[in-house]
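Take a look at the following structure, please.
The values are calculated or read from the model by the stated rules, or taken from the named source; none is laboratory data. Every value quoted in this text rests on a predicted model; they were computed, and no experiment measured them. Counting neighbours? That spans all protein chains shown, and the Cβs are built from the backbone with ideal geometry, glycine included. The protein model used for the area step is the full one, side chains on, heavy atoms only, and it has no ligands, DNA or RNA in it. Shrake-Rupley method; radii C 1.70, N 1.55, O 1.52, S 1.80 Å.
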Amino acid sequence: MILRTVLLPLALAITSAVAAPVAAADYVQASGALTFASQYQGETFVGSFPGFRTTMRFDPAAPQDATLDVVIPLAGANTGNTDRDTTLKAADFFDVARFGQARYTASGFIPQGDGSYSTDGTLELRGVRKPVTLSFTLTDGARPTLAGRAKLSRLAFGVGVGDWADVSIIPDEVAISTRVTFAPAP
């Protein structure tokens, strides 16, 4: 009788714990890279946004409820070319004096199979909000890693106006890539 009174509740507790669904978890960026690639007069260049911050809420059992929030300080844009970096910060491009940061937000991840997802988020850049689709892989575990790619129209956001709007000098399409390793939020 004593054995049944002790073991039965223990067995029920273990069964409940094993059958319980994985709960959504909040994550913060532990490390990462956010880069962009374009061309200037046919020469490809790559830049980065150091200092960007990402948070994510994700439950593998309910990817449709996931959220992603990326804050991008524009003044730190770095292409390794001082003249280009200065131009990017000016009013014709990012206009960092008026728009210090960009922000990408997304709700709902769409499974594509084999740990791949896509999400239709919104990028706010220079006060303009436009949809941008991010395709990415997401590893499982306590410290998941998101590796993704997106393409956007710089002209749709008013980046590169005036003489810089000429797509024979700088193409309209900009390739974005990111790799973020997350840690559980405190």
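So how much accessible area does K151 have, in Å² to the nearest 10, using a 1.4 Å probe?
Around 130 Å² of this residue is reachable by solvent.
Taking amide H positions as placed 1.01 Å from N in the peptide plane, with prolines and chain starts having none, which residues 5 or more places from A102, or on another chain, fall under 5 Å of its amide H?
Answer set, sorted by chain and number: I72, L74.
Once the whole set of protein chains is in place, how much accessible area is left on D140, using a 1.4 Å probe, in Å² to the nearest 10?
Using a 1.4 Å probe on the heavy atoms, I get roughly 130 Å².
Separate question: Please give the FRET efficiency for T87 paired with V28, using the beta carbon to beta carbon distance and R0 = 30 Å, rounded to the nearest 0.05. It would help to have the intermediate numbers written out before the result.
Numbers: r = 33 Å, r/R0 = 1.09.
Calculated value: 0.40.
Net charge within 14 Å of E124 by Cβ-Cβ distance, Lys/Arg positive one each and Asp/Glu negative one each, not counting E124 itself?
Working: positive: R98, R103, R126, R129, K130; negative: D69, D95.
Surrounding charge for E124 is +3.
Let me ask you something else. Any chance you could run the full-extension gain for T35 through V167? It's 0.36 nm times the residue separation minus the Cα-Cα distance, nm to one decimal.
45.5 nm
Just to be sure I understand, if you calculate log10 I(q)/I(0) by the Debye sum over Cα atoms at q = 0.12, 0.14, 0.19 Å⁻¹ for this structure, which of (i) -0.70, -0.86, -1.26; (ii) -0.63, -0.80, -1.26; (iii) -0.55, -0.76, -1.43 do you get?
(ii)
Excluding Q112 itself, what net charge comes from residues whose Cβ is under 15 Å from its Cβ, given Lys and Arg +1 and Asp and Glu -1?
-1
Give me the percent of accessible area attributable to carbon and sulfur for the chain, probe 1.4 angstrom. Write out the running numbers ahead of the final one.
Details: 6020 of 10480 Å².
Taking all protein chains in place, the chain shows 57 percent carbon and sulfur surface.
Most mobile of Y104, Y40, Y117 per a Gaussian network model of the chain (Cα springs, under 10 Å)?
Its mean-square fluctuation being the largest, the pick is Y40.
Quick one: accessible surface of I110, probe radius 1.4 Å, all protein chains present, in square angstrom to the nearest 10.
Ignoring ligands and nucleic acids, I110 comes out at about 80 Å².
For the chain, what is the calculated [θ] at 222 nm in deg cm²/dmol (nearest 500), taking -39500 (n - 2.57) for each run of four or more DSSP H residues and dividing by its residue count?
One gets -4500 deg cm²/dmol as the mean residue ellipticity at 222 nm.
Please turn the phi angles of region 157-173 into ³J(HN,Hα) values with the Karplus equation 6.51 cos²θ - 1.76 cosθ + 1.60 (θ = phi - 60°), one per residue in order, whole Hz, x for glycine and proline.
9, x, 8, x, 9, x, 4, 6, 6, 5, 6, 7, 8, 10, x, 6, 7
Can you work out ³J(HN,Hα) from phi for every residue in region 86-92, in order, using Karplus 6.51 cos²θ - 1.76 cosθ + 1.60 and θ = phi - 60°, giving whole Hz and x for Gly and Pro?
Karplus-based 3J(HN,Hα) across region 86-92 equals 5, 5, 4, 7, 6, 4, 6 Hz.
In a GNM of the chain with a 10 Å cut-off on Cα contacts, which of A66, A77, A97 has the highest mean-square fluctuation?
Answer for the Gaussian network model of the chain: A97.
Using 7 Å Cα-to-Cβ label points, what is the V128/K151 separation (nm, one decimal)?
If labels sit at V128 and K151, their model points lie 1.8 nm apart.
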